[in-house]
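The values are calculated or read from the model by the stated rules, or taken from the named source; none is laboratory data. Everything numeric here is computed off the predicted structure, so don't read it as measured data. Note that each Cβ is placed from the backbone with ideal geometry, even for glycine, and that neighbours are counted across all protein chains shown.
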């Protein structure tokens, strides 16, 4: 892989990780048409996720510091046996719900290898279908009644539903941010809150994915040079930072539906190409 390829994949990762159009799906398509699919492609994808993690940490640093401070306060209350003795404030309630939303991911871990095999193979039919699923989900969310609920109103049931939709994003073509934001909007939560909640929620999701794949990375060894890895990380972090700002603007200003149109068209195109490759027995490579 060249530095140019690394930068291109970093741009795709940074842009599509936060825009509700599926980063894994777009990387899978790019790797498919450039012949870079396989185990090494999956490993490099994980490296790019670390770059987008940096973008989240920088953008939401104030909220993150507030959550960390409240977490220490919770430990203090736990040791003094008063953790559950009072009504949680907004920040503490958000921590509780973030934990609950993350729980369904443990169930999806059991089928992770089966799901990721679709992103590693040379077939893109599944990616096309998943893009279409994302399009439908985004369309329903964009047309839903605008809610006003925030952390104080979030229930365990709602948190679990959002977590299940987040888990579906291990499918290549199903957007993680699109799944969480859309499910939250359909449940009646405010646009501003769901954008923040979705991106904060991406922190344990990204870290968890990286930790789970450490054994695979160690087994494969360092297949890329450091300049290639750094180029991918930096480009994904910079573009990811800009993408967060863009999605916040578009969601808050009711422009969310544009992503539905995009993923629908992309899904149709990818699905048709995938079928053509299947029946013709060839793979289109740039």
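Can you confirm whether residue 42 is within 28 Å of residue 249 (Cα to Cα), modelled with pLDDT under 90 and assigned to a helix (DSSP H, G or I)?
The answer is no for residue 42.
What helices (runs of 4 or more DSSP H) lie completely within segment 86-160 and have 3 or more residues being under 30 Å from residue 73 (Cβ atoms)?
By residue number, 90-102, 104-109.
Among the residues of segment 1-33, how many are closer than 14 Å to residue 171 by Cα and out of contact with any helix residue (DSSP H, G or I) (no Cβ under 7 Å at 6 or more places or on another chain)?
0
Between 70, 127, which is more than 30 Å from residue 274 (Cβ to Cβ) and touching a helix residue (DSSP H, G or I) at 6+ places or on another chain (Cβ under 9 Å)?
The match here is 70.
Of all the helices (runs of 4 or more DSSP H) wholly in segment 177-286, which have at least 3 residues that are at pLDDT 90 or above and either exposed (fewer than 14 other Cβ atoms within 10 Å of the Cβ) or on the phi < 0 side of the Ramachandran plot (or both)?
191-212, 226-252, 257-280
Inside segment 67-95, can you point out the residues that are in contact (Cβ under 8 Å) with a residue 24 or more places away in the chain and surrounded by 15 or more Cβ atoms within 10 Å (Cβ to Cβ)?
Those that are in contact (Cβ under 8 Å) with a residue 24 or more places away in the chain and surrounded by 15 or more Cβ atoms within 10 Å (Cβ to Cβ): 67, 70, 91, 93, 94, 95.
Condition check: at pLDDT below 95 and closer than 16 Å to residue 209 by Cβ. Does residue 124 satisfy that?
Here the answer is no, as residue 124 does not meet what is asked.
Test of understanding: among 147, 167, which residue is within 14 Å of the chain's Cα centre (by Cα) and touching a residue at least 24 places away in the same chain (Cβ under 8 Å)?
Only one candidate qualifies: 167.
Being on the phi > 0 side of the Ramachandran plot and within 18 Å of the chain's Cα centre (by Cα), is that true of even one residue in segment 20-33?
yes
(1) touching a helix residue (DSSP H, G or I) at 6+ places or on another chain (Cβ under 6 Å); (2) buried (at least 18 other Cβ atoms within 10 Å of the Cβ); (3) assigned to a helix (DSSP H, G or I): which one isn't true of residue 173, the others all being true?
It is condition (3) that residue 173 fails.
Would you confirm, using the coordinates I've provided, whether residue 27 is in a helix (DSSP H, G or I) and farther than 29 Å from residue 150 by Cα?
yes
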